[in-house]
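Each value in this text was obtained by applying a stated rule to the coordinates, not by laboratory testing. Note that the structure is a prediction, hence the values are computed from the model and not measured. Glycine gets a Cβ as well: all are built from the backbone with ideal geometry, and neighbour counts include every protein chain shown.
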Amino acid sequence: MNKLERRRARAVLGVLLLALGTESAPAHATRGASGYDQIYRPQVHFTPARHWMNDPNGLVYFQGWYHLFFQYNPYGSRWGNMSWGHAVSRDLLHWHPLPVAIPQGRRSMIFSGSAVVDWHDTSGFGVGARTPLVAIYTANPRHGPGRQTENLAYSTDGGQTWHKYAGNPVLDIGLRNFRDPKVFWYAPRREWIMVVSRAAAREISFYTSKNLKNWRHTGNFGPAGDTRGVWECPDLFRLPVTNRPGQFRWVLKVDVQQHHPGTGGGGQVFIGHFDGRTFRAAAQPPQALDLGEDYYASASWSNLPGGPGKVITLGWMDNWLYAQDAPTAPWRGAMAFPRRLALRHQNGRDWLIQRPIAALAALRAARRQFGSFVAPAGRTLLTVPPLGAAHEIRARVLVGPRGRFVFTIGSPDGRDVRIGYAAATGRFTVVRSGHYRFSPSFDSRNSTRLPGRPRVIELDLIIDRSSVEAFVDRGELTVAERMFPRGGAYTVRVRSSGARVEHMDLWRLRRIWPARRADRP
């Protein structure tokens, strides 16, 4: 990136952001507090100002900006008219909404995909010294059955405007379910890799290309692990094993879309080896990506500063079983908090670790500290009114041989999320209840055994107006759950038996949207 490119990128995005409002505030927020201040509007999670959103797409970092594209319906708050919405950020916290980047066409909707920086202009899309950004997406027929194909769009002005490639599609194998291409540059062979789902077959296919336009099939992976639903939204990246210096593994993430209550969809992770042609999983069971009901279609940013071992992901914090009926307006859909990934070898296997990005600390405002305490009768930690702030809780809990504890986040009428651990069984359990009228599938119960039945549990909670995310034992286990407390007011309570909260920090979090009123406690 030369000085001219940097100046041009700043000028282009500056003009565009000013046209939307100001560089420091999304345009929709300038229309009044109601723009981002509804009862269930997340305050530290990305949402569109209006209309429907699902999968994150085309995550790429370029010239100081993190680009977030996403599946978007520009015309309504239910799925349809799928196009790529667009927002940018300097810090992965505060997002500036931009116009629709890639709109649907007369014949095809724009389904999920990825984006890359074509530094060497292998595609030929570059203009003079301008480095092209290239989006690789699935085109899905708008009317009736047909084939899903892989297609290109490109930008030569830093992501401001996008042009569909006249030679589309670039990959068509005649399948109805062939989607969600993840593309990255594979330096050892100096070529592009595409990881794409043959959804109905529960297979992931691998292709290579020198120019992003002509693709050669090199291998398949699957079926394996969970095959109860179609496979979607694959991702593939390389990570160092943090406690084994010099060792690296490849991580293949696959989402499984299921269609019965309690399992509306979720990700599974295979850890193994990739040789530039195909992926081979190690001899260990796949790992569930998240224990909660609401973490789907996660994707990793490409071209991140900090080198190829740095992986940050973003997932759709919702579930196909009920997302279209969620009681939010004038928008539907939210993103989870961005996660930084790592690998650790423990208990005889490699394990994916997910933690909230370190930038979360920049949102911390008022802090309360709790010393050691027990709560056999329950203790209220926090009472949040309607339109209240988001909060973070970090707790260290000492658990006796038969001890247990549970954190309950919700309203007094029982619309809540309960997150707890029982040492006797070694199981960590998440229960969501409340008999929500908008969906019989919203109530759920999920449980998993923690290796070694630990006696010390470290818990990090991010609690927003309509969601709870938990990171257990420094990210060994994660939970993402939507919630809709009655009237928007809720409490956070902890109850323990044979367990002691050794220490706890509680922070109010600053809202990521421009403030039109003081944040509420």
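Miscellaneous remarks
- Phi-based couplings in Hz for region 100-116 (Karplus 6.51, -1.76, 1.60; Gly and Pro marked x): 3, 7, 10, x, 4, x, 5, 10, 9, 8, 9, 8, 5, x, 9, 9, 9
- When the trypsin sites (Lys or Arg not before Pro) in region 460-499 are filtered for DSSP coil states and for at most 16 other beta-carbon atoms within 10 Å of their beta-carbon, the remaining sites are 474.
- Between residue 283 and residue 244, the simple label model (points 7 Å from Cα in the Cβ direction) yields a spacing of 1.4 nm.
- Taking amide hydrogens as placed 1.01 Å from N in the peptide plane, the amide H of residue 424 sits under 5 Å from those of 403, each at least 5 positions away in sequence or on another chain.
- Rounded to the nearest 500, the helix-only mean residue ellipticity at 222 nm of the chain stands at -1000 deg cm²/dmol, with each DSSP H run of n ≥ 4 adding -39,500 (n - 2.57).
- In the chain, the longest principal axis of the Cα atoms and the axis of helix 3-20 are about 60 degrees apart.
- For the peptides 423-434, 121-132, the ranking by mean Cβ contacts within 10 Å, running from highest to lowest, is 423-434, 121-132.
- Between region 65-80 and region 195-267, the alpha-carbon center distance in angstrom: 23
- Among (i) 35.1; (ii) 23.2; (iii) 28.7, the entry that matches mean projected area of the Cα convex hull in nm² as calculated here: (ii)
- Computed 3J(HN,Hα) for region 247-257, one whole-Hz value per residue from the Karplus formula 6.51 cos²θ - 1.76 cosθ + 1.60 where θ = phi - 60°, is 9, 10, 9, 9, 10, 10, 9, 9, 9, 10, 8, glycine and proline marked x.
- Placing a pseudo-label 7 Å from each Cα along the Cα-to-Cβ vector at residue 437 and residue 361 gives an inter-label distance of 4.6 nm.
- When each of the peptides 320-330, 334-344, 444-454 is scored by how many other beta carbons lie within 10 Å of its residues on average, the order from highest to lowest is 334-344, 320-330, 444-454.
- Three principal axis lengths of region 358-509 [C-alpha, angstrom, descending]: 39, 37, 31
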